[in-house]
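Heads up: the structure comes next, in structure tokens.
The values are calculated or read from the model by the stated rules, or taken from the named source; none is laboratory data. On a predicted model such as this, the values are computed, not experimentally measured, just so you know. Here Cβ is always computed from backbone atoms with ideal geometry, including for glycine, and neighbour counts include all displayed protein chains.
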């Protein structure tokens, strides 16, 4: 997480800044033209964040009011370090009350409100005074300022800007309202109908809170939710409140209810309301999450009618269409999203909808059309737009088929990307590992771990990569590094066992099996270990039944055995497996065999799947691929046809059909008697 | 005194129609007067079987004169007028009770139902003045479209029954009649050029002949000049004018007209339907939906409006389905198609749409189950149509099931189809048995070829050859027979062929490509593992091998065929995926 700064120098920095603040404040005392600014905050247990926040504001504001609602850590000490005035206010379940307590203490003409998990940007610090001065001159009562929310998701961080009302004149009747989503902008308008607001985009706040949101306990969310629900019940006509309620419901995964509330909030809403664009986006997201795609598309259409320049709506529309396999419309929508100009901040645009995200999904679309070249182009565009967008990198790596031709894949990857940091090397190594390209993965994992402290997982990956190149001794050496107390010990031992199992070394496998079974692993893992053991014996025991969990482990082992070309091991494994399990997993098995070129096995299992689960486009398609791989295009076209009839929306079936006809034709041209070619040429049929 | 009713008719050469007409009416009238205007057939003789009052009167190009002559002979207190190609249908109520129920009426408008051949189960309903008191004042006027005029409008009753059914006319008959009418009308207009009623009739005839350009000025004038006093004319004039504008592509004007008149006749179902159709043509599906909904809500319009049966029901429901489908509201569309079919099982367009919709949204198997469950397979016509549709979509097995499910398989044509479906769905035995029994009745080259293919698939080359030789005896089937013989020899003996020069013949090549196409599109892939289709695979390889190796012409044709196949998939994809076609590699 590159956004978390190193605080080791903070103390020293703080003293300096405090000194400057005192001087500046002195200078300004004579100048009664300069309006004073009070920073008002409420905090609870924020010792980690508060430094960053106060450090960003100090010097830019004239006083700091911190209302503590019951911290049990060093929050108060940190606040006083920055010269803040600290007050205590017992938490009563109402955010507005606490905030208003901070406003009571403020003496400046302007109030700036920040939360502890936010900070002012350097630019924001500089422009704050000017904004306030202009505000006084223009008779502005308050400002919407830009906030950039940082969101964290599976290893990459992204931003989502929005507008928030955080800077306003200090008047005793301007007070917050609302227990959870405390509001003041509408209060000011009520008290002072002639009040004017402006947007100060250059005044930017960074918000890190969402990065840790996952950590936030669920009961806290539920508590907030029940408070806001009470409020909605008390003010059933307040659309803004209902909107916030809907968003909260969406956040905790109650999608249907969220959609219902948001829909109600949207009914008859003023089209100029600042929250309305976001409302439609959330509405669409809620429907999408609830699996109600037609409604999601309707919400999107409605939103687009109102806000035709809102890229997010097109983007999410595209996603829904992609999910429901409406490829033509998805293609249109993503392209529209890409074509739009920078949106206004109050749309709270999601990062990448006009760039890397839409490119990424266009790449997926192109893959649905089996157009790898075009897909590659889109994935590259996506990665260029956001070099930290891992899914694009992974797709690029996958399309390069690094397992089949590692040298080529490497050459391409190096041309495209600069893996200059160890982290980057580790990342691509991990991706390649996941893709089953063990040789190339090892190369990058080694580069990424040179001279670095290595995470134990990486060591394990390296061991597996070595094993997959039959470098068993090196692999075993690495695996020996995991002592019995290590959290990955069981996994390491299992891989050791595999090392010997691949080699058919029963003598070495036996004790490892005994040891692993004694470790108290899950019943499924134990069952797989028993199968591994049993498969080495000539006299097979009774067939073992595996559930889903065990089956997925077994499939992984089969994959690795196939990768090593140990087909006899796979046979033996499957013989130990209960017939019922083989039938149930016929399709994944067929796919695996196809991937590693075992066409006869693939065909057998895919046919078994047809028998077990009836006709399916997927299985017909795979059977088509088996036939195609054998050059039996007539049969292949039959299967692709069947697939296309079962799933007529799927473009890949048609593309394959076309290729079959073309290949058939090519085959005929190659095999017909020489003399015929001349006649064909004459008819322009040679192509 | 009890009223008596005289049926008064004028006829000429109606020996085919007359008995039906008289049979339908004789129980409801007290007297029959028939005036023959010069038949050359047995018409007078048939007439005399029903009544003694048969007269002849020479034809003087004047319908009114002839009719009035008939009226002169009538002694009943009421007159009923029918034409020979009409039938009286008293199921909903008869003449005597009608007259009794409304003792003060002078005349009645009866509903005339005119079947529409293009729309099975539908007809246009016209109110016509056919029942009136036998008074000297009530006489026909006008050489064509002769009418009886009753001057006090309150004295004319509007009866929902009995119904007069017109015999369905073939397209050719109608065209001939229209041509004759136009000539008569133009002559009448020469004397009375501004008569809006004549103009109305002329416009209708031109429209019927597919000349909206000629119809438009007539109808515009009739529409302008006929007032609501003649609502019987004005209402249809509006509809025909809409149709003429639509025919000329002046859709916006047509819509405006519908809007304007819908305000005036808010219970005129047909107007909402017509408006919906124009809006649909313009691509304004959402608005069209509202118009069709209104038509359905309206129900049957009052009897004085000319009405097309179905605009209040299956026709509007079908169009609703179509518009909703265009709007992407597929589930609703599905329901409306089903409702349209339930309302009129003989009207099949909704079935085609429903089939395609279900095929793409749910898949073939589920579509079949749907049709089975909803009882469509028990409607013979629907079952045969569905079977054909399934076959064309590549589901020979389901096509066969469609015919086997319901009572449809009884009829001859569908047994023929069943041979094809059985053959291509891998039920070779069944196909051969059926084909044999049909062929024993009469020669049928398509069936014979099917039989040979079945034998080839079974590997019974000897009998296949025998049958092919028999086919060869029919002169028109020589090339197909030669194709089969060549193929059989090739399959039996590898690369040697029977008559190498046959492989160059364009008809032989064409016949084989036709079979290949059928095999590729319909051949079975079913069976336990989806793989036991050796017979078919051998057949297909045999055909491609024969074509590729025995003549450059065959090889070229085969390559061309494959190229075309690939191209047609590409074209289809480009149509299906719209802008995303750029992604097709």
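A compact table of results
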{"read-out": "Single unsatisfied condition, residue B:270 versus (1) in a helix (DSSP H, G or I); (2) out of contact with any strand residue (DSSP E or B) (no Cβ under 9 Å at 6 or more places or on another chain); (3) crowded, with 19+ Cβ neighbours inside 10 Å", "value": "(2)"}
{"read-out": "Check on residue B:360, surrounded by fewer than 18 Cβ atoms within 10 Å (Cβ to Cβ) and either within 14 Å of chain A (Cβ to nearest Cβ) or touching a residue at least 40 places away in the same chain (Cβ under 8 Å) (or both)", "value": "yes"}
{"read-out": "Some residue of the stretch A:665-672 being more than 9 Å from every other protein chain (Cβ to nearest Cβ), surrounded by 18 or more Cβ atoms within 10 Å (Cβ to Cβ) and part of a helix (DSSP H, G or I)", "value": "no"}
{"read-out": "Residue in the stretch A:180-194 that is modelled with the highest pLDDT, counting only those that are surrounded by 19 or more Cβ atoms within 10 Å (Cβ to Cβ) and outside any helix (DSSP H, G or I)", "value": "A:184"}
{"read-out": "Identity of the residue in the stretch B:554-564, surrounded by fewer than 22 Cβ atoms within 10 Å (Cβ to Cβ) and facing chain A (nearest Cβ under 7 Å), that ends up farthest from residue B:512 (Cα to Cα)", "value": "B:563"}
{"read-out": "Near pairs, Cβ below 7 angstrom, 6+ apart or cross-chain, from the stretch B:412-425 (closer than 15 Å to residue B:437 by Cβ) to any residue that is modelled with pLDDT under 85", "value": "B:414/B:408; B:415/B:409; B:418/B:409"}
{"read-out": "Residue match in the stretch A:656-664 (condition: more than 10 Å from every other protein chain (Cβ to nearest Cβ), closer than 21 Å to residue B:539 by Cα and out of contact with any strand residue (DSSP E or B) (no Cβ under 9 Å at 6 or more places or on another chain))", "value": "no"}
{"read-out": "Number of the exception - residue A:651 against (1) at the interface with chain B (Cβ under 9 Å from one of its Cβ atoms); (2) within 24 Å of residue B:392 (Cβ to Cβ); (3) over 34 Å from the mean Cα position of the chain (by Cα)", "value": "(3)"}
{"read-out": "Residue in the stretch B:573-585 that is nearest to residue A:672 (Cα to Cα), counting only those that are in a helix (DSSP H, G or I) and at the interface with chain A (Cβ under 7 Å from one of its Cβ atoms)", "value": "B:573"}
{"read-out": "Residues (modelled with pLDDT of 70 or more and surrounded by 13 or more Cβ atoms within 10 Å (Cβ to Cβ)) located in the stretch B:403-417", "value": "B:403, B:404, B:405, B:414, B:415, B:416, B:417"}
{"read-out": "Search result, residues across the stretch B:232-261 that are more than 29 Å from the chain's Cα centre (by Cα) and crowded, with 18+ Cβ neighbours inside 10 Å", "value": "B:261"}
{"read-out": "Among (1) assigned to a helix (DSSP H, G or I); (2) modelled with pLDDT under 85; (3) within 10 Å of chain A (Cβ to nearest Cβ) - the single one residue B:569 does not satisfy", "value": "(2)"}
{"read-out": "Some residue of the stretch A:395-406 being under 18 Å from residue A:651 (Cβ atoms), touching a residue at least 40 places away in the same chain (Cβ under 8 Å) and crowded, with 18+ Cβ neighbours inside 10 Å", "value": "no"}
{"read-out": "Every residue from the stretch B:321-360 that is closer than 16 Å to residue B:377 by Cα and part of a loop (DSSP other than H, G, I, E, B)", "value": "B:344, B:345, B:346, B:347, B:348"}
{"read-out": "Number of positions in the stretch A:75-128 that are surrounded by fewer than 19 Cβ atoms within 10 Å (Cβ to Cβ), in a loop (DSSP other than H, G, I, E, B) and over 34 Å from the mean Cα position of the chain (by Cα)", "value": "7"}
{"read-out": "The lone exception for residue A:638 - which of (1) at the interface with chain B (Cβ under 9 Å from one of its Cβ atoms); (2) over 27 Å from residue A:372 (Cα atoms); (3) buried (at least 18 other Cβ atoms within 10 Å of the Cβ) it fails", "value": "(2)"}
{"read-out": "Unmet requirement for residue A:643, which otherwise passes all of (1) within 11 Å of another protein chain (Cβ to nearest Cβ); (2) at pLDDT 90 or above", "value": "(2)"}
{"read-out": "The stretch A:296-328: number of residues that are closer than 16 Å to residue A:367 by Cα, without any contact (Cβ under 8 Å) to a residue 60 or more places away in the chain and within 14 Å of chain B (Cβ to nearest Cβ)", "value": "5"}
{"read-out": "Filter pass, residue A:285 being under 22 Å from residue B:328 (Cα atoms) and more than 14 Å from chain B (Cβ to nearest Cβ)", "value": "yes"}
{"read-out": "The listed residue being under 27 Å from residue B:110 (Cβ atoms) and assigned by TED's automatic domain parsing to the domain that holds residue B:108, out of B:161, B:188", "value": "B:161"}
{"read-out": "Members of the stretch B:508-534 that are surrounded by fewer than 19 Cβ atoms within 10 Å (Cβ to Cβ), at pLDDT below 80 and more than 9 Å from every other protein chain (Cβ to nearest Cβ)", "value": "B:527, B:532, B:534"}
{"read-out": "Count - residues of the stretch A:568-595 that are in a loop (DSSP other than H, G, I, E, B) and either surrounded by fewer than 21 Cβ atoms within 10 Å (Cβ to Cβ) or touching a strand residue (DSSP E or B) at 6+ places or on another chain (Cβ under 8 Å) (or both)", "value": "1"}
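Quick grid of which residues meet (1) over 24 Å from residue B:537 (Cβ atoms); (2) in contact (Cβ under 8 Å) with a residue 60 or more places away in the chain; (3) part of a loop (DSSP other than H, G, I, E, B):
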position	(1), (2), (3)
B:455	no, no, no
B:480	no, no, no
B:486	no, yes, no
B:507	yes, no, no
